[in-house]
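For reference, the structure is listed below as structure tokens.
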Amino acid sequence: MSAPTAAGAPTTAGAPAAKPKVLVVDDQPVNVKALGALLQPEVDALFATDGAGALAKAAQLAPDLILLDVDMPGMDGYEVCHRLKADPKTADIPVVFVTGMSQTQDEEKGLALGAIDYIAKPFQPAIVKARVRNHLELKRSRDALVESYRRLEATQASLVQAEKMASLGQLVAGVAHEINTPLGVALTAASHLFERAGFLDERFRSGRMTKTDLESFLSLHKNSSDLVLSSLERSAVLVQRFKQIATAQAQDSLAEIDLGTHLIDAFGLWASANPDRDLNADVSCPPDVVLQTFPAALTRLLHTLFDNVAAHAYPGGETAAVDVRVDITGSGVELAVADHGVGIAPEAMAKVFDPFYTARRGEGFVGLGLTIAYNLVTSTLHGTIVIEATPGGGTTARVNLPSRVTSAVR
């Protein structure tokens, strides 16, 4: 078994242990020498005999611990400690006062300034060594914890980026697959129409074209044109929805909005753009709720949720209705968009945000609505969204939004 190393001195294979650095600050050389001799076998002792020198060495050498006298001419230990804690470069260095000022109020003042301990003079060597060891071990543990947290943050950022790239790859693959079908239909119909046009042209030039030939071609032309047009329209919708996901923040900027007014206006815009959809909305929001957010992204989110209700909640032709409710939370608001329709099957709940997931694919639905909503909420509006639903009991989208968004980057 190898011998233990000094506290605060981690080792690597083949490398000597690095001693922790302790800065001793005292205007009396005899005290400096005494503390240095006491600690030197286990630490790399540094010395300063006044406040200015202590501040300079702390900033330059970054010691692991400072033993600081209080009663010094010029700048006393309290002022030194105050300046150390005010400087980001030295704020995290633990400070222990070593002083003959042993009144309770003196100790309280030192601890209030950010010191971690208070050793009274005349000090007991064994007590000083034990406390220094303990504080160095605490410093080493804290540094290790900070480093672990830094690595965890880096790992988390890497995983988030990897997840985003994987999601993007899935999305691109899904778009390619979905667009391939209508484009394939359009290409087949157009090719067949081209061949029949050539056949009719040949019959016409040879003087053999009949009325039946022409009627057959016109019928084929109409059917093929309808197929080409509907397929290209479907492809255009897919491309547009993909652009909504990929450029969720385009043409948008931060602004303060009255949420209640914005909700009413957003539904009015949706209703004007969808005159063939019969959807009633009941909007309830406390007065004077102001958010700093991206208004266009919030409007797109609401329109996406309204689209989802109109398309899926009431397939039987019932009168469609949606309730929009706002509750104030500690950090912002919860926006609930609820319908009273058919709900969502339990086995589908885990997939509702997946790109291109839809239970009604055979009816022409693409399955990007809630994917768009999720990306708008999490990437642009800096919030969270969950879907609650039961079969036959309706569906509620709960969106939690902060009261203030300060940046487009999350």
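Where a number appears in this text, it was derived from the coordinates with a stated rule and is not lab data. Quantities reported herein were computed from a predicted structural model and do not represent experimental measurements. Cβ: placed from backbone, ideal geometry, glycine included. Neighbour counts: every protein chain shown.
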Want the number for E256 to R150: 0.36 nm per residue separation, take away the alpha-carbon distance, what's left? 34.7 nm
Stretched fully, the stretch from A86 through R398 gains (0.36 nm per residue minus C-alpha distance, one decimal, in nm) 108.0 nm
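V32: net charge of surrounding residues, Cβ under 12 Å, Lys/Arg +1, Asp/Glu -1, itself excluded? Numbers along the way, then the final one.
Working: positive: K33; negative: D26, D27, D50, D69.
So the surrounding residues net to -3.
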At a 10 Å Cβ-Cβ cut-off, how would you order C285, C81, fewest neighbours first? C285, C81
Under 12 Å, Cβ to Cβ, from D258 - net charge with Lys/Arg +1 and Asp/Glu -1: -3
Using θ = phi - 60° and Karplus 6.51 cos²θ - 1.76 cosθ + 1.60, couplings along segment 210-215 (whole Hz; Gly, Pro as x): 10, 4, 5, 4, 5, 4
What are the ³J(HN,Hα) couplings of segment 121-137, residue after residue, when phi is run through the Karplus curve with 6.51, -1.76, 1.60 and θ = phi - 60°? Round to Hz, x for glycine and proline. 8, x, 8, 8, x, 5, 5, 4, 4, 5, 5, 4, 4, 4, 5, 5, 5
Based only on other Cβ atoms within 10 Å, what is the fewest-to-most ordering of I344, I66, I264? I264, I344, I66
Convert each backbone phi in segment 48-58 into a coupling constant with the Karplus relation 6.51 cos²θ - 1.76 cosθ + 1.60 (shift: θ = phi - 60°), then list the ³J(HN,Hα) values in order as whole Hz, x for Gly and Pro. 8, 10, 8, x, 4, x, 5, 5, 5, 5, 4
For the pair T210 and Q292, how long in nm is the line joining their label points, each one 7 Å along Cα→Cβ? 7.9
Nearby aspartates and glutamates by direct alpha-carbon distance to K139 (threshold 19 angstrom, same-chain neighbours under 8 apart not counted): E42, D44, D64, D87, D92, D117, E147
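Extension gain L111-T188, at 0.36 nm per residue separation less the Cα-Cα distance, in nm? Don't jump to the answer; show the numbers that get you there.
Details: separation 77, 0.36 × 77 = 27.72 nm, distance 8.19 nm.
Difference between extended and current length: 19.5 nm.
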Would you pull out the residues with amide H under 5 Å of D117's amide H, same chain only if 5 or more places away, H placed 1.01 Å from N? F97
Please list the non-local residues whose amide H lies under 5 Å from the amide H of A320, H modeled 1.01 Å from N, same-chain partners needing a gap of 5 or more. N280
At a Förster radius of 22 Å, what calculated FRET efficiency corresponds to the Cβ-Cβ distance of N223 and E202, to the nearest 0.05? 0.55
Taking K222 as the anchor, which lysines have their alpha carbon closer than 30 Å to its alpha carbon, excluding any fewer than eight residues away along the same chain? K211
Give me S230, S235 ranked fewest to most by other Cβ atoms within 10 Å of their Cβ, as a rough exposure proxy. S230, S235
Residue pairs, from the table K19/K109; K89/K129; K33/K57; K19/K57; K33/K109; K33/K121, whose Cα atoms sit over 23 Å apart: K19/K109; K89/K129; K33/K109
Name the residues whose placed amide hydrogens come within less than 5 Å of the amide hydrogen of L46, ignoring near sequence neighbours (fewer than 5 apart) on the same chain. V22, L23, V24
